[in-house]
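S.K.: Input: one structure, supplied below.
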Amino acid sequence: MTAPLLEIKGLKKHFPIGGRFNKKGAVKAVDGVDLAVYPGETLSIVGESGCGKSTVGRLALRLMDSTEGEILFEGTNIAGYSQRQMKPIRKDMQCVFQDPYASLNPRMTVGKALAEPLIVQQKMGAAQAMKRAEELLEVVGLRASATALYPHEFSGGQRQRIAIARAISLDPKLIVADEPVSALDVSIQAQIVNLLGDLQQKTNVSYLFISHNLSVVRHISDRVAVMYLGRVVETGTKDQLFNNPLHPYTQALLSSVPEPDVDGKRERIMLRGEVPNAANPPSGCPFHPRCPHAVDRCRTERPAFREVEPGHSASCHFI
Amino acid sequence: MPEAILEVKSLRTVFKDKHKELTVVDGIDFEIGPNEVVALVGESGCGKSMTSLSIMQLLPRSAEIAEGEVRYRGRNLVGMKNKEMAKLRGRHISMIFQEPMTSLNPVLTIGMQLTESIIRHLGVSKVEADTRADEWLKRVGFPEPARIRREFPHRLSGGMRQRVMLAMAMSCRPDLLIADEPTTALDVTIQAQVLDLIRELLKESDMSVLFITHDLGVVAEMATRVIVMYAGQIVETTDVRSLFQKPMHPYTKGLLNSTPRMKGDIEKLIPIAGSVPPAGMYPPGCRFADRCPLAEAVCRAEAPQLREVVPGHRVRCHLA
């Protein structure tokens with residue numbers, strides 16, 4: 001088996017509550033996550049608001065410092081690297097965010113925005129970088145002449161294409177895509193999902209795809225990790241996870257997605273209540289207050305995360 | 001046919017400034033009967049939210065209804081005095097929005113906001129209003145309503161706020177609920193709870209709902225009839241079953257093909273090429289022609305009319 005491109009081990013991020021002198025505990029946004037992304041694959045992290053999925057992405061990119069744990073990029077632990085040490089690695093790990101309006105500088109032409117990383121990282125001359133920017137725009141399905149325009153002259157879907165062009169400009173090995181299609185209309189969303197798939201086939205880039213949209217995840221992923229309250233509760237290949245979900249939370253999550261189809265009765269697992277506060281997570285299994293199958297043991301004992309079949313793991317006492 | 005609760009006739013809504021007029025809702029006709037759930041679907045900028053605000057007479061100051069009628073039980077709401085309209089709003093026609101935080105007043109308790117409309121519209125005492133508020137809060141799934149009444153909106157989660165909004169909208173037992181993307185901002189497990197709740201409330205009253213959404217999954221689950229809008233116009237309308245099983249307009253087909261599924265084989269998504277033209281920049285013929293895989297010369301030359309292709313199924317397409 002090939003070595004993982006990105007491997008995360010025991011990653012934690014705790015945000016302290018209160019000031020320096022009246023500490024009131026911490027929000028355990030990420031509380032012991034293990035993940036691996038292999039070359040050329042798409043690993044998706046799914047979960048609801050506040051489960052810590054975006055924080056994992058930011059920690060992996062070293063956009064924020066972790067509290068504990070290892071981040072191995074091509075085998076090297078970069079968790080403690082300074083920003084200066086990170087600089088040569090940055091070209092290999094890029095990101096695409098949800099809101100393409102916020103991630104492009106409104107006062108910079110698209111050409112300049114695309115040329116800048118080439119000039120900084122690859123020491124290209126301005127003219128050569130601009131030429132490369134034109135090529136990149138064509139790769140993502142825009143006209144080369146778009147280099148002269150400003151971000152506000154594009155629609156949301158086009159802006160997301162520009163953000164993707166910038167992310168691939170340095171031939172990265174990994175792109176962390178945090179809800180990249182969530183702000184887009186469904187007809188445009190499909191264009192971007194297809195574009196990401198085509199680019200991966202061409203360049204063998206890996207994606208860490210963070211999304212709450214399960215049907216998009218089903219279309220784009222090789223493997224999926226489900227997060228709940230700062231922890232991974234189930235991982236598996238796409239088929240394992242969608243055809244045979246093991247964790248009661250995964251089962252409920254999948255059954256909650258409304259399907260655009262009028263036939264086919266579905267069994268919906270309705271969850272009680274809402275996601276608990278990450279500052280004060282429940283004892284035992286963190287999912288027990290909402291779990292339809294919870295028994296006394298779940299309230300006291302935290303279930304181990306164990307492999308049920310090759311590649312398919314979950315943390316529940318009853319699997 | 002029983003009397004319609006709501007009739008919208010040739011509605012045209014425009015944004016207006018000194019120099020120009022921009023039509024964003026362009027000649028919309030539809031009806032909602034008793035106990036019907038009509039879904040208004042379309043992508044950003046298709047005019048679905050402007051249609052709902054036109055019905056409620058809640059348009060922003062820069063917009064106005066240029067033509068048409070909105071009849072609630074036969075009474076035309078267009079041009080109705082604000083005072084009259086205020087008697088209808090919240091009492092007979094209620095509305096819930098996508099973002100419950102912006103619809104709730106942050107400095108008033110839930111109880112004050114919930115009882116205000118009950119006292120005003122039903123003319124009951126404060127004590128009686130509190131009792132009714134508690135009943136509704138229980139109904140929408142708060143086991144301790146008296147405690148929730150004393151809370152401020154920021155203390156509640158998004159799902160709880162949307163349930164409070166629903167309690168507020170339902171508290172005077174309206175005939176018509178307009179729900180504008182009510183679950184779009186919610187997580188999917190919470191969305192399932194809220195949709196389930198709306199369905200239950202529908203079962204025990206003969207309320208009608210206009211459900212505005214971009215999510216075809218939600219449409220399939222909630223609606224009895226569907227109206228698909230594109231670029232300010234209705235392009236297809238029929239019952240929910242026909243829409244999903246025999247869609248006729250290429251735009252509707254495009255939307256269905258570009259929606260990823262949770263079941264079945266994973267096929268490559270078929271997106272709709274290009275993007276929605278901005279209001280005021282519509283092509284002369286069919287507004288969808290530039291993105292339509294089937295477009296012919298006639299589509300670019302002549303604007304198609306919305307016509308009944310099979311009984312109960314109307315489509316705005318030359319080729320249907």
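S.K.: Please tell me the relative contact order of region B:101-173 in percent, rounded to the nearest whole number, where contacts are Cα pairs under 8 Å and at least six residues apart.
M.R.: 45 percent
S.K.: If you place +1 on the Cβ of every Lys and Arg and -1 on the Cβ of every Asp and Glu, how big does the dipole about the Cα centre of region B:1-95 come out, in debye to the nearest 20?
M.R.: The calculated dipole for region B:1-95 is roughly 580 debye.
S.K.: Roughly what % of Cα-Cα distances in region B:101-173 sit above 18 Å, to the whole percent?
M.R.: The answer is 27 percent, as a whole percent.
S.K.: Another one. Could you work out the relative contact order of region B:186-251? I mean the mean sequence separation of Cα pairs under 8 Å and 6+ apart, divided by the number of residues, in percent.
M.R.: Here the relative contact order equals 19 percent.
S.K.: Sort out for me the Cα centre separation of region B:87-163 from region B:52-77, rounded to whole Å.
M.R.: 26 Å
S.K.: Mind grabbing the base-10 log of I(q)/I(0) for the protein assembly as shown at q = 0.07 Å⁻¹? Debye formula, identical points on the C-alpha positions, no solvent, two decimal places.
M.R.: Evaluating at q = 0.07 Å⁻¹ gives log10 I(q)/I(0) of -0.50.
S.K.: Quick one: putting +1 on the C-beta of Lys and Arg, -1 on the C-beta of Asp and Glu, what dipole do you get for region B:101-173 around its Cα centre, in Debye to the nearest 20?
M.R.: The dipole of region B:101-173 has a size of about 120 debye.
S.K.: Name the GluC sites (Glu not before Pro) in region A:187-282 that are in a loop by DSSP and that have at most 14 other C-beta atoms within 10 Å, would you?
M.R.: Sites meeting the loop and neighbour criteria: A:Glu267.
S.K.: With r defined as the distance between the Cβ atoms of A:Met108 and A:Ile17 and R0 fixed at 41 Å, what FRET efficiency is calculated, to the nearest 0.05?
M.R.: Using R0 = 41 Å, I get an efficiency of 0.65.
S.K.: Peptides B:100-112, B:234-246: what's the order by average Cβ count within 10 Å, highest mean first?
M.R.: Taking the mean over residues of other Cβ atoms within 10 Å, the ranking is B:234-246, B:100-112.
S.K.: Something else now. Answer with one residue from A:Gln251, A:Asn77, B:Thr109: the one whose Cα lies farthest towards the positive end of the charge dipole of the protein assembly as shown, charges on Cβ with Lys, Arg +1 and Asp, Glu -1.
M.R.: B:Thr109
S.K.: Counting DSSP beta bridges with both partners in the protein assembly as shown, what percentage is antiparallel, nearest 5?
M.R.: Once the DSSP bridges in the protein assembly as shown are tallied, antiparallel ones form about 60 percent.
S.K.: A follow-up question, please. Using helices alone, what [θ] at 222 nm do you get for chain A, with -39,500 (n - 2.57) per DSSP H run of 4 or more residues, divided over all residues and rounded to the nearest 500?
M.R.: Counting only the DSSP helices, I get -9500 deg cm²/dmol.
S.K.: At 7 Å along Cα-to-Cβ for each site, give me the label-to-label distance between B:Leu22 and B:Ala303 in nm.
M.R.: Rounded to a tenth, the inter-label distance reads 1.8 nm.
S.K.: Also, quick follow-up: Across peptide B:180-193, what mean number of C-beta atoms from other chains lies inside 10 Å of a residue's C-beta?
M.R.: 5
S.K.: Across peptide A:269-276, what mean number of C-beta atoms from other chains lies inside 10 Å of a residue's C-beta?
M.R.: Taking all residues of A:269-276 together, the mean is 4.
S.K.: Starting from the Cα-Cα distance between B:Ala146 and B:Val127, subtract it from 0.36 nm times their residue separation and give me the gain in nm to one decimal.
M.R.: Going from the current span to full extension adds 5.6 nm.
S.K.: So, by mean Cβ neighbours within 10 angstrom, what's the order for A:289-295, A:91-97, A:2-8, A:75-81 with the highest one leading?
M.R.: The densest-packed peptide leads the list: A:91-97, A:2-8, A:289-295, A:75-81.
S.K.: Using the Cα centre of the protein assembly as shown as origin and beta-carbon charges of +1 (Lys, Arg) and -1 (Asp, Glu), tell me which of A:Ile119, B:Met56, B:Gly280 is placed farthest towards the positive end of the dipole.
M.R.: A:Ile119
S.K.: For an R0 of 45 angstrom, estimate the FRET efficiency from the Cβ-Cβ distance between A:Ser283 and B:Ile266 and round to the nearest 0.05.
M.R.: 0.70
S.K.: Nothing charged except the Cβ atoms of Lys and Arg (+1) and of Asp and Glu (-1): what's the magnitude of the dipole of the protein assembly as shown about its Cα centre? Round to the nearest 20 debye.
M.R.: Charge dipole of the protein assembly as shown: 1600 debye, to the nearest 20.
S.K.: Do you know the relative contact order of chain B, to the nearest whole percent, from alpha carbon pairs under 8 angstrom that are 6+ apart?
M.R.: Worked out over chain B, it gives 20 percent.
S.K.: Please give every one of the lysines within straight-line cross-link reach of A:Lys28, meaning a C-alpha to C-alpha distance under 17 Å, and leave out same-chain neighbours fewer than 8 residues apart.
M.R.: Output for A:Lys28: A:Lys9, A:Lys12, A:Lys13, A:Lys53.
S.K.: Between A:Met86 and A:Ala126, take the C-beta separation as r, use R0 = 22 Å, and let me know the FRET efficiency to the nearest 0.05.
M.R.: Step by step, r from the Cβ atoms, then E = 0.30.
S.K.: Could you order peptides B:68-81, A:61-74 by the average number of other Cβ atoms within 10 Å of their residues, highest first?
M.R.: Put in order of decreasing packing, that is A:61-74, B:68-81.
S.K.: If you stretched the chain out fully between A:Lys9 and A:Glu70, how much longer would it get, using 0.36 nm times the residue separation minus the C-alpha to C-alpha distance?
M.R.: Using 0.36 nm per residue and subtracting the Cα-Cα distance, I get 21.5 nm.
S.K.: May I pose another question? Check the straight Cα-Cα distances from A:Lys123 and name the lysines below 28 Å, setting aside those fewer than 8 residues away within the same chain.
M.R.: A:Lys87, A:Lys91, A:Lys112, A:Lys131, A:Lys173, A:Lys202
S.K.: Next question. In whole angstrom, note down how far apart the Cα centers of region A:281-319 and region A:69-147 are.
M.R.: 41 Å
S.K.: How shielded is B:208-217 by partner chains, expressed as the average number of their Cβ atoms within 10 Å of its Cβ atoms?
M.R.: 2
Since every read-out is calculated from the coordinates, none of them should be taken as a lab result. Quick caveat, the model's predicted, so the values are computed rather than measured. Virtual Cβ from ideal backbone geometry, glycine too; neighbours counted across all protein chains shown.
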